[in-house]
1. Output the residues belonging to segment 69-86 that are among the aliphatic types (A, V, I, L, M) and either touching a helix residue (DSSP H, G or I) at 6+ places or on another chain (Cβ under 9 Å) or buried (at least 18 other Cβ atoms within 10 Å of the Cβ) (or both).
2. For segment 66-94, which positions are of a type in the set (D, E, K, R) and modelled with pLDDT of 95 or more?
3. Please go through segment 54-68 and give me each residue that is under 30 Å from L177 (Cβ atoms) and either exposed (fewer than 14 other Cβ atoms within 10 Å of the Cβ) or over 26 Å from the mean Cα position of the chain (by Cα) (or both), ordered by number.
4. Could you list, in sequence order, the residues of segment 141-171 that are modelled with pLDDT under 95 and of a type in the set (A, V, I, L, M, F, W, C)?
5. Note down all Cβ pairs under 6 Å where the first residue falls in segment 40-67 and is more than 17 Å from V84 (Cα to Cα), the second is assigned to a helix (DSSP H, G or I) and among the small types (G, A, S), and they're at least six residues apart or on different chains.
Amino acid sequence: MDENELKLLWSLSSTTQSVTIDEGQLLQSISKQVAMMERKVRKRDFREISVAVVMMFFFSWVLLRIPAVIGKVGATIIVLNCMVVIYKLLRARVKITTDNTQNALTYLDSSLKGIQKQIKLLNTVLWWYILPFGIGVLCVYCSSGHSPQNKVIYSLAVVMICSFTYYLNRRAVTRNLRPLEEQLKKLIKDLTI
């Protein structure tokens, strides 16, 4: 081959290559990640709802037994917040089905919406979960006849537990949900181009 033939071959070759994406493989790969996330969410929801139901019964009993008004207010806050937790967790559920009639874009969009609901839920956990429970528990404990030193130590422990809970939820968003959300957005963008 001489130089002119190589130039001719080079000029005839396509500068852009066509890439085909196998929708089946793409759905299978994303399905695994989304299914793993769904399992984690279901386990978390089951655990949280179970604890909320037990807490509702326990603090309803405390509400009837505790004499101090501030303790009754705290127990009421906890019981009502248990109901809020159950409602929020059930409302944030998105069932992502791997129906054979769905195309990859529909499935990815459905998965993205589910991930975004979970991100929103965990980003607002301070307001609907941590603060109400923390305030309620502190009210119940402070209404009892403990010494001021014990109340301060208990309050600091509650603040530390609440802070750690907040940290864990933020970490779950940044480590697990945001990367998956970005991956889904990128795949949707690539498929729509």
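1. We begin by selecting, within segment 69-86, every residue among the aliphatic types (A, V, I, L, M); these are 69-70, 73, 75, 77-80, 83-86.
Residues satisfying the conditions are I70, V73, A75, I77, I78, V79, L80, M83, V84, V85, I86.
2. Residues of segment 66-94 of a type in the set (D, E, K, R): 72, 88, 91, 93.
K72, K88, listed by residue number.
3. Initially, segment 54-68 is screened for residues under 30 Å from L177 (Cβ atoms), giving 54-56.
Within segment 54-68, just V54 meets the criteria.
4. Residue satisfying the conditions is C142 alone.
5. Cβ pairs passing all conditions: V62/A75; L63/A75.
The values are calculated or read from the model by the stated rules, or taken from the named source; none is laboratory data. This structure is a prediction, so every number in the text was calculated from the model and none was measured. Note that each Cβ is placed from the backbone with ideal geometry, even for glycine, and that neighbours are counted across all protein chains shown.
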